[in-house]
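Any read-out appearing in this document is the output of simple, stated calculations on the displayed coordinates, not a laboratory observation. Because the structure is predicted, anything quoted here is derived from the model rather than measured. Note: ideal-geometry Cβ built from the backbone for every residue, glycine included; neighbour counts use all protein chains shown.
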Amino acid sequence: MVFDFVLSSAAKRAELTAVISSAICGYDVDKIETSESLYLCETNDLKDAIKNLPKSDDFVLITAHNPTCEEFMEELGFNIEKFPTSAVALIEFKTKNWQDVFNNKYSLKEFLYPKLFK
């Protein structure tokens, strides 16, 4: 599984998470794009970042922060109690264009967090 694009909050821990995940999956860590706007953002900011992803990229990693991640999952209608540190949500969006991503169907394919692996 290789990402087409990686977008990370500019916060050091989020960026480190993006680097580690990218390296494990074979993505060139020098291509990671960071964004100050993902640090302490609102869900609308995260949605805007998603809508502005490159059209040619299908499989994207975004590293961001809570409470935004929890609120984002809730807004999408996914019933999770908590979005713990280092959690990963794999969401499949049924769209050809990131601009229209929230006007189409989507589903939560995986929700993984550290306690699952103890």
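Okay, here's what the table says:
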read-out	value
Partners for residue 12 among aspartates and glutamates (Cα-Cα distance below 17 Å; same-chain residues under 8 apart left out)	30, 33, 36
All lysines inside 25 Å of residue 109 as judged from Cα atoms, apart from same-chain residues fewer than 8 positions distant	47, 51, 55, 82, 94, 96, 118
Which of 64, 9, 108, positive extreme of dipole for the chain (C-beta unit charges)	108
FRET efficiency for residue 81 and residue 107, using Cβ-Cβ distance with R0 set to 25 Å, rounded to 0.05	0.85
Those residues of the range 59-78 whose amide nitrogen sits under 11 Å from the label point placed on residue 37, 7 Å along Cα→Cβ	none
Additional length obtainable on full extension of the chain from residue 2 to residue 100, 0.36 nm per residue less Cα span	32.9 nm
Relative contact order for the chain, counting Cα pairs under 8 Å that sit 6 or more residues apart, in percent	24 percent
Within the range 5-117: Cβ-based charge dipole about Cα centre, in debye rounded to nearest 20 (Lys, Arg +1; Asp, Glu -1)	260 debye
